[in-house]
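Read through the structure below, which is laid out as structure tokens, and then see the notes.
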Amino acid sequence: QVQLVESGGGLVQTGGSLRLSCAASGRTFSRYTMGWFRQAPGKEREFVAAIHWSGPITNYADSVKGRFTISRDNAKNTVYLQMNSLKPADTAVYYCAANTGTTSLSQYDYNYWGQGTQVTVSS
């Protein structure tokens, strides 16, 4: 089992940057594929990015490709989401999630979830 805690959210202007972090407990972090999802008010939770447990394989939603970068540091049990060129449409609660499989786009394939961190992009 793994517990996840997100941090790094906040208020930023359009075009700005934020880096989200997700710290995981447990000794087997390196065996988990990690994902980031987001949920805006009144909308369903949507996939943002994922990184395979092996590291090099990543997956991104089309809406964030070229602007967001997911990475992981297994020595620190942490996954990151670097968000650049932020837009008001990126405003949402961002969730970190873990699974033992592939870099799935489906939230239903992820077994463990953090509590979320709010990202607000002002116009």
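Summary of computed values
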| item | result |
| --- | --- |
| Test: Lys87 is under 15 Å from the mean Cα position of the chain (by Cα) and surrounded by fewer than 16 Cβ atoms within 10 Å (Cβ to Cβ) | no |
| Test: residue in the range 68-80 that is part of a loop (DSSP other than H, G, I, E, B) and either more than 13 Å from Val5 (Cα to Cα) or among the acidic types (Asp, Glu) (or both) | no |
| Conditions (1) in a loop (DSSP other than H, G, I, E, B); (2) open to solvent by 60 Å² or more (accessible area, probe 1.4 Å); number of the one not met by Thr103 | (2) |
| Per-region count, the range 53-84, residues under 23 Å from Thr28 (Cα atoms), out of contact with any Lys or Arg (no Cβ under 9 Å at 6 or more places or on another chain) and exposed (fewer than 14 other Cβ atoms within 10 Å of the Cβ) | 6 |
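The values are calculated or read from the model by the stated rules, or taken from the named source; none is laboratory data. Values in this document were obtained by computation on a predicted structure and should not be read as measured data. Glycine gets a Cβ as well: all are built from the backbone with ideal geometry, and neighbour counts include every protein chain shown. What goes into the accessible areas is simple: the full protein's heavy atoms, side chains included, and nothing from ligands, DNA or RNA. Shrake-Rupley method; radii C 1.70, N 1.55, O 1.52, S 1.80 Å.
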